Every structure is written in structure tokens, then in C-alpha cells.
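Laboratory data are not the source of any read-out in this text; all were calculated from the coordinates shown. None of the values given here were measured: they were computed from a predicted structure. A quick note on method: Cβ atoms are made from the backbone with ideal geometry, for glycine too, and the neighbour counts reach across all protein chains shown.
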There are 2 protein chains.
Amino acid sequence: MSSPPHHPDNPQPPGAAPSATVLSPPSALPTPAFSPLYQQIKGLILQSLQSGEWKPGEAIPSEIELAARFRVSQGTVRKAIDELAAENLVIRRQGKGTFVATHAEQQVQYRFLKLRPDTGDARTEGPAQRSILECRRTRASAEVARALALRSGDPVIQARRILSFAGEPTILEDIWLPGQAFKGLTAEQMADYQGPMYAMLEKEFGVRMVRAEEKIRAVLPDEEQARLLEIAPTTPVLSVERIAYTYNDIPMELRRGLYRTDTHHYHNEVH
Amino acid sequence: MSSPPHHPDNPQPPGAAPSATVLSPPSALPTPAFSPLYQQIKGLILQSLQSGEWKPGEAIPSEIELAARFRVSQGTVRKAIDELAAENLVIRRQGKGTFVATHAEQQVQYRFLKLRPDTGDARTEGPAQRSILECRRTRASAEVARALALRSGDPVIQARRILSFAGEPTILEDIWLPGQAFKGLTAEQMADYQGPMYAMLEKEFGVRMVRAEEKIRAVLPDEEQARLLEIAPTTPVLSVERIAYTYNDIPMELRRGLYRTDTHHYHNEVH
DNA sequence: GAGTGGTCTAGACCACGCG
DNA sequence: GCGTGGTCTAGACCACTCA
């Protein structure tokens, strides 16, 4: 950390780094950051988050504790946490504390899935049925490697599954995961786990998906895809190509989904 | 406004409403709001925004001025403006001031359009060519009325246009606008205006689109649509149904777009 | 150099959740 | 009743823009 900015009355000694025991980050300098104090604090909290010091669902230390740990005012910690909360990395609960965000919550199941039934409440539809069609270890094609920031031929896990809503097959997904981070992942694990796949990856492998980018197109399914989705091959479907990222914008999943939109639609809000 | 919360040392007289001259809002009570002070301030600023006290692109008063006007601290005004900035209603520029957001800026042309070329930079593609195919006064169908919160048979303006990128017709749009708010809108106005349509509506009618919701599906174009987009009728396209809202969540536009996704894709980021 | 937004602090009190 | 996050204030100084 660089020389911390001005403390009006309490001039901080130049090298006074936070007293936190900062674990060595995976692939970056300790904290380059010539940035506002609260940004630096945010970075330090982020490091603890990604190092697993606080697990998903757990509470992080209170603002007062963090302020003491980092030797800054509570207001500065607050602003750092505000940004983390705005990015959905933590969740604030008044009177209780601030918690590490997780995919394993009833309220926000399928945080990243924007498909909604055309009619009725999402809740009347009930949870999705998942069925794993395939799950195997293979090697990254050039395309998959590029999406996952790997080299061609690096080990990847490839899976295919179907999500059904109210008994209707609605989503067909092909999923690629970097083999290294998910050693030992089995089809059983994917099939048996109760809850979203991202919750399972979080729990079993400590990898948290934090944000994703999607490219959406209209396509016709091939024969096999149409059969699996139980639609005619002339029925257009949404092709949703997703790259999901962990902390530090590291891509951790490539997913190609085909969404039926005869009974559902992709919902988006734009500001 | 309810009794304003606690001023530590400067107890505010109970009825001390901000000294701002509040114009009567269109269809709501002066400010129900049993909410934090900064939320009430935000509401008051919002009223000035929607009443046109400050026009798009103009600067709003400085934080210090607003603090004086509303008799609160600068920090409270700041928090109110922070939220407005987060919602893209205003833009802060350090050293210059805070400005009313507008659709008429070079940087953020087509703020609501999420379609991007598959390859190359969006800027290499240049601006879109617009051609108006149709623009007429008509009456709202039940469906259009529901979307725009009108009654069936209310006057609406219906338009159809094509957006082309690099000479290729890419988007076909049918647009419905409530007739009352846009009296006197002509096809010439739509065709001649340099810049996004929302910028024109902003300038000519004082109606600012602030947010939109989209429902996206994959469909096949009908014959006419295919002809206009210069594609085969067997080419699936994205159907994007957008409802755009002004302040206070009042729907002001229904738009049905067909997007070609053979050369472009709909891009979305999810958190 | 004046004016604007941006950062930081310190301290007070409020609203909530839980034992 | 205590601890948590949430609100509000007051005052200082920084960083940027422009005349």
C-alpha cells in the first residue's frame, strides 16, 4: 500500500499499513492502488473474501472491528462495504451484520438466470428439476480455452444438463469448467446436490461466481437439441452464451444454454 | 413530509419543511415518504427534475446550494445525489458540477440498446442509419393500452422504423407512444432528427425515458418482416419487447423490436 | 484562486434483531 | 440492553476545472 492519504488531525506514519494479516494474493502485487483509502480498504476486504477468511453465508467482522483492524474511521469502512454490497458480493442486514453473499439462499435461487415464465408467479412454478445428461473430463478446444483463459488442450470438465419447469424441459445447457479448479467433480455430485449448481461449486470447491456476461442470439436447435427440449426443430430458441467470473474477473465457467421461449421469456431491466 | 429526524445539536422545528418551492406533482401526494431525510431530499430533487426546473444536460445546483435550500447538511444532499447518479438520472463531474442525464450525448448513444456487433469495435461500425417506414395516429388496442397504462381506444402514435448498421438492416421496430404526451409528433420529426429518438422526445416533448424493461424471445419473422430485414423467413431473430418508463415509473413507450443476430448479439451483464 | 465534487474523520443518535 | 448497520451532522482537506 502506498502512502495513505491525509488524516486531518491524526497524521498516520507513512508506512503504517493496516495491521491485518494479509494473505499473499494469487497473482497480483500486494495492492498497487494509488486510490482513495476506502478503495484500498475495499481491496483488502476483497482479498479476505477471496482467500476464504470468511465463508459464503457467514458474517464478516462488524464495521467497527474492521475500522479498528485497518486503522481507519468507520465511515471509510462503510463506504468500502457499500460498494461491495452494490456489487452483490456481501449483503447487509440491519441489526445483524454484513454477510458474504452466497448462491445457496432460498430467496435468490438462480441469481444469474433471467428466464421467467410468461404467466403466473415464478413461485407458483416451483423449483427446477435438473437432470444431468453427461459429465466428463476432456480437453479445451481453442474456443473454450479462449473463453476460460486457458491454453488449448488444458483439461476441462464438460457437462450437459436439462432444466425442467413444471415438468416441461425448458433449458438445455452445455457447461465447461476449468479442470484444475474443479478436480474430482463428478456427475453424481452435480445430480445429487440440492440447490443451484453455483451453490455446489461454492460449497465443494470454494469457487464463488460473482458476475457473468451473456451473449444472446436467436437460433434453431439441431435435431438432438430439439429432441431433448421436446420441441420441433423449426422452433426458434434463445442461445445464451455465458461466461461466469470469480473475484478479480477470472473466468471460471463457460455455459451455452438453449432457452425455450414459447412459455418463458428472458427478462432484462436497463437503466 | 413527516417530522424530520433528529438534528443532534440543531433541533429542527417539527414542521420545518424544505424551503424549496415544490410544484404540485402530477398524480401523487406531495411526498408521503416516512423515510430517511436523504430519501425525502432525493424525492424533492426528483420532483424538480421531472417538473423541468433543470433541463437535460444542464447543471443542477451545487451540493452546497441544495443543502442550503433544503436546510440539511451537504452530506445528506450528497447521499441523495449519489442514489440519483447510481440510477443514471444525473451525472457527477468532479470540479464541474452535477448534470441532468440526457440521451443526447455522444458517449452514451443508444443507452438502452444492448445489441452489439459480433466482431470489431462498436465505434468502427459507425452510427446507425434510421429510416421511418410509417408513423400514424391510431387507437390503443387492449394490449397496447395495458402496456402503456391507457384505456383501450385512447389515442396512440404508432411508428415503424428500421435501423441499419454498416448498411445492413439489423433492427425492425414497431413503436407505440401515448398520443396525449406526444401531440404533434410527425414522421418528419422522427426522420430528420440527428441523434437517438429518445433525445428527440426529450428535446421536443420534455419526456425523458429513465429506465426500461425488456422481454426477449426467439421468433421467426413473418414474410414482411423478413423482407424488411433482408433475411430468409427461416432465419430466427430476437423479439425484444420493451416498455420504457419516465420518472415515477410511468410507462411512456411500448416498443417491439426484431433484432438480427446473425452478425450481432444482445449483450448483458448479470451480477 | 474560486468553486465544484470527492474523501476522511469524529461523534451523535436511530432502527432493528436477538437474547 | 447490547451490538449491528443506518442516518445525520460538521468540519477539514484533496483533486479537478476553468477563468
Which value in nm describes the separation of the simple spin-label points at B:Ala149 and B:Arg92, placed 7 Å from the Cα toward the beta carbon? 2.9 nm
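Just counting partner chain Cβ atoms within 10 Å, what average do the residues of peptide B:208-219 show around their Cβ?
Numbers: counts 0, 0, 1, 3, 4, 4, 6, 8, 12, 12, 18, 5.
Partner Cβ neighbours, averaged per residue: 6.
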Hey, what's the per residue convex hull volume over the C-alpha atoms of the range B:155-208, in cubic angstrom? 82 Å³
Would you calculate the separation in nanometres between label points at A:Val270 and A:Gln39, each defined as 7 Å from the Cα along the Cα-to-beta-carbon direction? 2.9 nm
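Mind checking B:257-269 for the average number of partner chain beta-carbons within 10 Å of each residue's beta-carbon? Walk me through the intermediate numbers first.
Values: counts 0, 1, 3, 2, 7, 3, 0, 2, 7, 9, 4, 11, 4.
The shielding value for this peptide is 4.
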Checked the range A:37-100 against the a/c 1.5 cut and the a/b vs b/c comparison, axes a ≥ b ≥ c from its Cα gyration tensor; verdict rounded
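What is the calculated FRET efficiency for A:Asp118 to B:Asp262, with r their C-beta to C-beta distance and R₀ = 35 Å, to the nearest 0.05?
Values: r = 26 Å, r/R0 = 0.74.
Plugging the Cβ-Cβ distance into 1/(1 + (r/R0)^6) gives 0.85.
Peptide A:237-243: average number of partner chain Cβ atoms within 10 Å per residue?
The mean count of partner-chain Cβ atoms within 10 Å per residue comes to 3.
Could you sort out which of A:Lys79/B:Lys96; A:Lys55/A:Lys183; A:Lys215/B:Lys79; A:Lys42/B:Lys55; A:Lys114/B:Lys42; A:Lys55/B:Lys42 sit more than 26 Å apart by Cα distance in this structure? Could you put the intermediate results ahead of the total?
Values: A:Lys79/B:Lys96 23 Å; A:Lys55/A:Lys183 20 Å; A:Lys215/B:Lys79 35 Å; A:Lys42/B:Lys55 36 Å; A:Lys114/B:Lys42 30 Å; A:Lys55/B:Lys42 36 Å.
Distance filter (> 26 Å) returns A:Lys215/B:Lys79; A:Lys42/B:Lys55; A:Lys114/B:Lys42; A:Lys55/B:Lys42.
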Which of A:Gln225, A:Ser152, A:Cys135, positive extreme of dipole for the range A:115-266 (C-beta unit charges): A:Ser152
Label-point separation (nm) for B:Asp249 and A:Leu228, each offset 7 Å from Cα along Cα-to-Cβ? 3.9 nm
